[in-house]
Each structure stands twice: as C-alpha cells, then as structure tokens.
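Input: a single structure, listed below in structure tokens.
The values are calculated or read from the model by the stated rules, or taken from the named source; none is laboratory data. Everything numeric here is computed off the predicted structure, so don't read it as measured data. FYI the Cβ positions are ideal-geometry reconstructions off the backbone, even for glycines, and counts take in every protein chain you see. To get the accessible areas, we keep the full protein, side chains included, count just its heavy atoms, and leave off ligands, DNA and RNA. Shrake-Rupley method; radii C 1.70, N 1.55, O 1.52, S 1.80 Å.
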Amino acid sequence: MKIILIKLGSKILTTPEGRLDLNSLRNIVNQISSLQIQNQLKFIIVSSGAITSGALLIDNISNSIPNKQAAAAIGQVLLMKEYYHFFQENGLKAAQILLTNDSISNTSKQHNIENTIFTLLKENIIPVINENDSVSIEEIQFGDNDILSSQVASLLAVSKYIILTDKDGIYTSNPNKNKTATLIPKLDTISQDMIDNSEEAADPRGKGGIKSKLMAAKHASSNG
C-alpha cells in the first residue's frame, strides 16, 4: 500500500481576506481524488485552517490563545464539512482525526493512531488530521501543523511526504525581501545552521514559515 501524506498550510486554504478558500480546497481535493482512484494510491491529509474557518463566527476575535482555541473548536466542524462534501462529490469519504503532541509521543497511543489510520485507508477513506487546537496550544504558538505532519509521516512510514505552501520551495534567502534570492532545486541535507538562519512566518495566516518546514523535512528524512 503506497501512502502519500500531504500537509496543507493555512495560506493554501485561505483567501487574502482571511476566509476559507473553497475553490483552492475543492481543487486540491479533486486532484487527490483523481490520483487515489486512478492510480490506487492512498492519501492522508494533515490540514490547517480550522482557526481561520472559525474566527469569522466569533465576535471580537483577538490573538489570545483562548480565542484561537474557541475559533478552532468551531472551525474544525466547518472545515471538515467542506472536506467531506468535496470528497463525496468524487465518490470518496473522509474522516477526521484530531491529535495532540503528547498522543504522538506516547507509545500506546501511537499504536491506536496507527490502527485507526490504517483501518480507514483499507476502507478507502481519506484521514484528515489536524492538531486538536481547542485543547492544545503547541501548534497555535508555533508550527502550523508542520511538525505534526512530519511526526505522522515518520510514525506511519509513508512513501512520500509533501508540504504544500504558497512558495515554490527553499530559496537562498527570503525572496520577498531579496530580489536576487534563487530557488534551491534540491536539498540533500538540512543543516542546523540553515534552520537557525531561516525565518518564521510573518503573516498571521501562516504560523510556520520556512523554519518549521525545514525542521519538519529534517525530522522526516532522519526517520527514513
């Protein structure tokens, strides 16, 4: 069973106005559905976007952790509704799995996570994973699910681990600030210096930035 894990960041799933981008989500779901049906691949999605989806329904939303947790509690329902609807249009089903950092690091819970996900995959159901932001603050403060997705990819020994973002890849420096920055087409190794010198996200719609993506890639590659 060839398993591909795709991580979708907040900026892929939101409009410039900060709303859930249904056109982008539908387009990605359609592509995943086509690949799963035609090529008999199995997909796992690690998705951000719950806080963005729920924030619009909360009055006087602020950047406080409790407000973001409340937004996530609402947004997880709204986001999953759209995932299920779009996959259903393609004759597929989706299921939600909410994880916290301690569940990934706990051996017995790891076993339960594996059992649940592999059962869903065997039933041809796409697992949509998110960190449980309504009770956990780690992802809210840093990472935008980048680290979580790399941990899941390593735990399940997936065939491919893909991070989708609004950038073409890793550059020699920040292309938004340095017009001479060039794309690095392939990284054979990720050094700690490269991670230390990279930037975290400046845009509140995307909390991870290149730094957490490099950390995620390093963790995944170090685990095969």
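Numbers below:
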quantity: Selection from the range 57-109 of residues that are β-branched (Val, Ile, Thr) and open to solvent by 80 Å² or more (accessible area, probe 1.4 Å); calculated: VAL77, THR107
quantity: Near pairs, Cβ below 6 angstrom, 6+ apart or cross-chain, from the range 4-20 (surrounded by fewer than 24 Cβ atoms within 10 Å (Cβ to Cβ)) to any residue that is of a type in the set (Phe, Trp, Tyr); calculated: ILE4/PHE43
quantity: Residue tally, condition open to solvent by 50 Å² or more (accessible area, probe 1.4 Å) and either at pLDDT 95 or above or polar (S, T, N, Q) (or both), over the range 124-140; calculated: 1
quantity: Residues of the range 23-56 classified as open to solvent by 30 Å² or more (accessible area, probe 1.4 Å) and at positive phi, total; calculated: 1
quantity: Test for SER53: is it within 20 Å of the chain's Cα centre (by Cα) and modelled with pLDDT under 85; calculated: yes
quantity: One residue from LEU78, LEU25, LEU92, LEU56 being farther than 23 Å from LEU156 by Cα and touching a Ser or Thr at 6+ places or on another chain (Cβ under 6 Å); calculated: LEU78
quantity: Long-range neighbours under 7 Å by Cβ, at least six apart or interchain, first residue over 18 Å from LYS81 (Cα atoms) within the range 22-47, second open to solvent by 80 Å² or more (accessible area, probe 1.4 Å); calculated: LEU41/LYS2; LYS42/MET1; LYS42/LYS2
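This table checks each residue for (1) modelled with pLDDT of 85 or more; (2) open to solvent by 70 Å² or more (accessible area, probe 1.4 Å); (3) among the basic types (Lys, Arg); (4) over 22 Å from ILE12 (Cβ atoms).
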position: ILE162; (1), (2), (3), (4): yes, no, no, no
position: LYS167; (1), (2), (3), (4): no, no, yes, no
position: THR180; (1), (2), (3), (4): yes, yes, no, yes
position: LEU187; (1), (2), (3), (4): yes, no, no, no
position: SER191; (1), (2), (3), (4): yes, no, no, yes
position: ARG205; (1), (2), (3), (4): no, no, yes, no
